[in-house]
Amino acid sequence: TARCAKALQLTLAVIKPDAVAHPLILEALHQKILENKFIIVKSKEIVWQRRDSERFYAEHKGRFFYQRLVEFMSSGPMWAYILAREEAVSHWRALMGPTKVFRARYVAPGSIRAGFGLTDTRNTTHGSDSEDSARREIAFFFPEFSVAEWMESAEPAFR
Ligand code: RTP
Ligand code: MG
């Protein structure tokens, strides 16, 4: 059977509290997702408790920005998305641009973080950094969702 040139992939994208706080930015990011041919498989608004934030960012425990990161990510509503398209992980990361806003403005002026990021922590969006992280993070945000089942049912549509 003929398939996508590149593999169909899922990624987990999050619009962080700084962006959700501004309705026009939230809307612009939502448009950006659709313009870039992502399929929104699932989405929901979510508010983290501090412990959710600590659990999600456990790998950064001890880093100088950990406290401010954990506090920020539990400071207000976020939007979480499961996004599908070819090479979803790298495409969404490319759209976001580098983590640090100053760097983003310098090397990726058209990126989301360059356009909307406030600081290196309040940087508008999150995106899984590999297919493995995507699987883990999708399970974190959408525990009832089965990647394997979705892939099986969705793939014919991409052939
Ligand atoms: P992410 O994990 O969110 O996709 O971002 P990333 O790989 O680009 O960045 P990472 O180094 O994993 O950092 C995770 C999140 O921590 C916040 N951060 N703040 N210097 C700072 O204040 C600082 N550095 C990182 C950001 O919110 C970043 O997305
Ligand atoms: Mg990271």
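The table for this structure:
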| read-out | value |
| --- | --- |
| Scope segment 38-76; condition more than 16 Å from ligand 1 (Cβ to nearest atom) and either surrounded by 12 or more Cβ atoms within 10 Å (Cβ to Cβ) or acidic (Asp, Glu) (or both); matching residues | Phe38, Ile39, Ile40, Val41, Lys42, Ser43, Glu45, Val47 |
| Filter pass, Ser90 being within 16 Å of Val14 (Cβ to Cβ), small (Gly, Ala, Ser) and modelled with pLDDT of 95 or more | no |
| One residue from Ser74, Ser43 being of a type in the set (Gly, Ala, Ser) and more than 14 Å from the chain's Cα centre (by Cα) | Ser74 |
| Number of positions in segment 45-99 that are among the acidic types (Asp, Glu) and farther than 19 Å from Phe140 by Cα | 2 |
| Residue ID - surrounded by the most Cβ atoms within 10 Å (Cβ to Cβ), chosen from residues in segment 7-22 that are over 12 Å from the mean Cα position of the chain (by Cα) and of a type in the set (Gly, Ala, Ser) | Ala19 |
| Single match in Val107, Val14 (criterion: touching a residue at least 12 places away in the same chain (Cβ under 8 Å) and hydrophobic (A, V, I, L, M, F, W, C)) | Val14 |
| Within segment 98-133, tally of residues that are surrounded by 14 or more Cβ atoms within 10 Å (Cβ to Cβ) and more than 11 Å from ligand 1 (Cβ to nearest atom) | 8 |
| Selection within segment 26-55 - touching a Ser or Thr at 6+ places or on another chain (Cβ under 8 Å), assigned to a helix (DSSP H, G or I) and among the polar types (S, T, N, Q) | Ser53 |
| Cross-chain or 6+ apart pairs with Cβ under 8 Å, segment 18-37 first and farther than 18 Å from Arg122 by Cα, then hydroxyl-bearing (Ser, Thr, Tyr) | Ile33/Tyr81 |
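The values are calculated or read from the model by the stated rules, or taken from the named source; none is laboratory data. Just so it is clear, the structure is predicted and the values come from calculations on it, not from any experiment. A quick note on method: Cβ atoms are made from the backbone with ideal geometry, for glycine too, and the neighbour counts reach across all protein chains shown.
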